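Undergrad: Dumping the structure here so I can ask a few things about it.
The values are calculated or read from the model by the stated rules, or taken from the named source; none is laboratory data. Please read these numbers as outputs of a predicted model, since none were measured by experiment. Glycine gets a Cβ as well: all are built from the backbone with ideal geometry, and neighbour counts include every protein chain shown. Accessible surface areas use protein heavy atoms only, side chains included; no ligands, DNA or RNA. Shrake-Rupley method; radii C 1.70, N 1.55, O 1.52, S 1.80 Å.
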Amino acid sequence: ANIMCSMAADFEAANATYSNGLEGTACEISGEIEAVVVKDYDACGGTITVTYNGKDECDRDLEAGPFVITVDPAPEAEVMAPQFPLDIECSDAAGFEAANATYSNGLEETACEISGEIEAVVVKDYDACGGTITITYNGKDECERDLEAGPYTIEVKPAPAPEVSAPEFSDKIACADAAGFEAANATYTNGLTGLCELSGELEANVVKEYDACGGLITISYNGEDACGNPLSAGPYYIE
């Protein structure tokens, strides 16, 4: 009634025999009829139809069938995804692309072969503080059966912490200029652009400890970036 797809290509039907039961007499009619085999199947299944048609010695029609054998669908394909790293630098995440997955049921170069490729669906959910890249594969084979692999998750490492650049300060200042002294903001950057960029400014903390006899102005910078990395520069001293 049924046959596996992988066996269908080699299927052959034996001859039919016919007899009128009058053996060993001049009235005996017997012999064989070759099968007519029609194979109508692919990897998704189908049929093999076997019929017998001929004539006996008296030119009378002989026939049997059709006999229909169901060809079962080929085995489902196995999806093979690429290898992915466990983590990736933030600076490399924007350019990350996932190769196609392949699938095959191992029945190559036959009518039962199911094979091909599935494009990756890549979801990037990260910023300068880190995050993830998630890759999934979803599709259907030639027989409309679901194919899937994943999800595969790659950790995006936090971007490098920024470096602080403070303004230049002189070593000394005149007492008359000390009251009006202000320090410009420091800047910070990690040198990256896009989602991995960490940059901005830090306000100066200025402490003035002087009188007519002299003293010090102390400038320091402290803060944190968007990812909570501590940032600092100084202290710088001006007499």
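Undergrad: In this structure, is A111 hydrophobic (A, V, I, L, M, F, W, C), part of a strand (DSSP E or B) and closer than 30 Å to A43 by Cβ?
TA: Numbers: hydrophobic (A, V, I, L, M, F, W, C): yes; part of a strand (DSSP E or B): no; closer than 30 Å to A43 by Cβ: yes.
No, not satisfied.
Undergrad: A further question follows. Within segment 91-124, restricting attention to residues that are acidic (D, E) and touching a residue at least 12 places away in the same chain (Cβ under 8 Å), which residue is farthest from A77 (Cα to Cα)?
TA: Within segment 91-124, the match that is farthest from A77 (Cα to Cα) is E97.
Undergrad: In segment 26-59, how many are open to solvent by less than 70 Å² (accessible area, probe 1.4 Å), part of a strand (DSSP E or B) and either of a type in the set (A, V, I, L, M) or within 20 Å of A1 (Cβ to Cβ) (or both)?
TA: 12
Undergrad: Give the residues of segment 174-207 that are assigned to a strand (DSSP E or B) and touching an Asp or Glu at 6+ places or on another chain (Cβ under 6 Å), sorted by residue number.
TA: T187
Undergrad: Are any residues in segment 177-231 among the hydroxyl-bearing types (S, T, Y), without any contact (Cβ under 8 Å) to a residue 24 or more places away in the chain and in contact with a strand residue (DSSP E or B) (Cβ under 8 Å, 6 or more places away or on another chain), and if so, which ones?
TA: So the first thing to find is which residues in segment 177-231 are among the hydroxyl-bearing types (S, T, Y), and the list is 187-189, 193, 199, 210, 218, 220-221.
Now drop any that are not without any contact (Cβ under 8 Å) to a residue 24 or more places away in the chain, which leaves 187, 193, 218, 220.
Matches in segment 177-231: T187, T218, S220.
Undergrad: State yes or no: is D146 of a type in the set (D, E) and either on the phi > 0 side of the Ramachandran plot or crowded, with 16+ Cβ neighbours inside 10 Å (or both)?
TA: Against the criterion (of a type in the set (D, E) and either on the phi > 0 side of the Ramachandran plot or crowded, with 16+ Cβ neighbours inside 10 Å (or both)), D146 does not qualify.
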